[in-house]
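Below is one structure, written out as structure tokens, with a few remarks after it.
The values are calculated or read from the model by the stated rules, or taken from the named source; none is laboratory data. Everything numeric here is computed off the predicted structure, so don't read it as measured data. So basically every Cβ, Gly included, is an ideal-geometry build from the backbone, and we count neighbours across all protein chains shown. Side chains included, ligands, DNA and RNA excluded: accessible areas come from the protein's heavy atoms. Shrake-Rupley method; radii C 1.70, N 1.55, O 1.52, S 1.80 Å.
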Amino acid sequence: QVQLVESGGGLAQAGGSLRLSCAASGRTFSNYGMNWFRQAPGKEREFVAAITWRGDNTFYADSVKGRFTISRDNAKNTVYLQMNNLKPEDTAVYYCRHQNYWGQGTQVTVSS
């Protein structure tokens, strides 16, 4: 059993910043990384960013490169997503994923 809890979502204006957190507990596996996905109304869920637990390798969707930064604190089993220079198109529910487990999501709304 893996439990994932996202937090940090909210309302921001275009150009603003938010920091999301995802706390993991249960039977996590270090061979699996942590991913952030998002889903906007009427759209498919899309990949945002990923990070490995041991190698500290990161991956980003083209739409967020240069604006979002994924990081982790292994001691806390927590992954973060720092979102800068937010755009209205970033509005979505953001989910973290480990293995095939998903968190409940946190809403991010960016006003123009």
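General observations
- Residues in the stretch 16-40 that are modelled with pLDDT of 95 or more, of a type outside the set (D, E, K, R) and open to solvent by 50 Å² or more (accessible area, probe 1.4 Å): 2 in all.
- For the stretch 1-15, filtered to residues that are open to solvent by less than 50 Å² (accessible area, probe 1.4 Å) and assigned to a strand (DSSP E or B), the residue that is nearest to Tyr60 (Cα to Cα) is Glu6.
- Scanning the stretch 45-58 turns up one or more residues that are of a type outside the set (A, V, I, L, M) and in contact (Cβ under 8 Å) with a residue 40 or more places away in the chain.
- The stretch 1-12 residues that are hydrophobic (A, V, I, L, M, F, W, C), paired with ones that are surrounded by fewer than 14 Cβ atoms within 10 Å (Cβ to Cβ) and not in a loop (DSSP other than H, G, I, E, B) (beta carbon under 9 Å, 6 or more apart): Val2/Ser25; Val2/Gly26; Leu4/Ser25; Leu4/Gly26; Val5/Ser25; Leu11/Gln107; Leu11/Ser111; Ala12/Ser111
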